[in-house]
Amino acid sequence: MGAVRVLIADAHEIARIGIKSVLAHNQNYEVCAEVADGRTAVEIARRLRPDLVILEISLPLLNGLQAARQITSDAPTSIVFLTDIKSEQVMREVLELRIGGFVLKSDPLSDLKTAADAVIEGRTFFTSHMMRMVIELANKQTSDRILTAREREIVQLLVEGYGSKDIAKTLGISVHTVETHRSNLMRKINAHSIPKLVLHAIRNEMIHLHRLDALQLVNAEHDEQASCTPGFESAAEHPIALTVQSLA
């Protein structure tokens, strides 16, 4: 059997370098590609058919959970989440997706290799913290999420600052379809404005944002990256910035 072909998806280059360094010590693994967002991860996975995908959950454009859902729906693929996000909602979705590996970035690097070995062999590996969460979830009654997978995709893109036309282009659907989904999802969650939509997404772990990042957006009108936010002339017009302003 040849080396296990691995796709790495993490928005931060330094994290991707760290993952590659862990796998480089074992000749059984070969990194075939690395990407920085969830949508590209899905596209590359469909093209290269890797044996293993190591995913960060808080990826831009399409979060790791949604990316994993699309990747595994196309072909059986081993998935390991390597992230700093830990919440019951995230773990609930991980279990629903039947993902076998979950490692926190605060865990020892050796855990990543252990998790990779486990999922390739058809076993599971969760850190002790996440296992406690799994046990707690098993004792709780969980309700179905009211938003569809497509609606959750659109929520993330709206929160990231994309307008209906850009979302339609990204998802390969019509603007009318985007507007219909947007109307339906906002009605379902009783959100009558984008700031309320952002708050719902954060509270329900649909997106994962640090407070510092939001504050930087508000004050970064002259920052090159913020000024290039799709559909907005300045960072102050970004949905996250508007949400922070509404809470001030």
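As an exercise, find the ratio Rg/Rh for the stretch 40-188 from alpha-carbon atoms, using the Kirkwood inverse-distance average for Rh. If you can, show how the numbers build up before the last one.
Values: Rg = 16.5 Å, Rh = 16.5 Å.
With Rg and the Kirkwood Rh in hand, the quotient comes to 1.00.
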The answer for GluC sites (Glu not before Pro) in the stretch 39-123 that fall in a DSSP coil and have at most 14 neighbouring Cβ atoms within 10 Å is E121
Long-range HN-HN contacts of Y29 with modeled amide H, under 5 Å:
V4
Using a cut-off of 27 Å between alpha-carbon atoms, which lysines can reach K20, once sequence neighbours fewer than 8 places away in the same chain are excluded?
K86, K105, K113
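What FRET efficiency, computed as 1/(1 + (r/R0)^6) with R0 = 41 Å and r the Cβ-Cβ distance, is obtained for H176 and I14, rounded to the nearest 0.05? All intermediate terms of the calculation are to be shown ahead of the outcome.
Values: r = 42 Å, r/R0 = 1.01.
About 0.50, to the nearest 0.05.
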Please list 3J(HN,Hα) in residue order for the stretch 70-82, calculated via the Karplus relation 6.51 cos²θ - 1.76 cosθ + 1.60 where θ = phi - 60°; whole Hz, with x for glycine and proline.
6, 5, 6, 6, 7, 7, x, 9, 6, 10, 10, 8, 10
Using amide H atoms built 1.01 Å from N in the peptide plane, name the residues 5+ places from F81, or on other chains, whose amide H lies under 5 Å from its own.
L55, G101, F102, V103
Determine ³J(HN,Hα), in whole Hz, for all residues of the stretch 111-128 in sequence, where each value follows from phi through the Karplus function 6.51 cos²θ - 1.76 cosθ + 1.60 and θ = phi - 60°; x replaces Gly and Pro.
5, 5, 5, 4, 5, 4, 4, 5, 5, 5, 8, x, 9, 10, 8, 10, 5, 4
Label point distance in nm, L48-R150, each placed 7 Å from Cα along Cα→Cβ
3.0
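A short reminder: the numbers here are calculations on the coordinates, not readings from a lab. Quick caveat: nothing in here was measured; it's all calculated off a predicted structure. Neighbour counts are summed over all protein chains in view; Cβ atoms, including those assigned to glycine, are modelled from backbone coordinates with ideal geometry.
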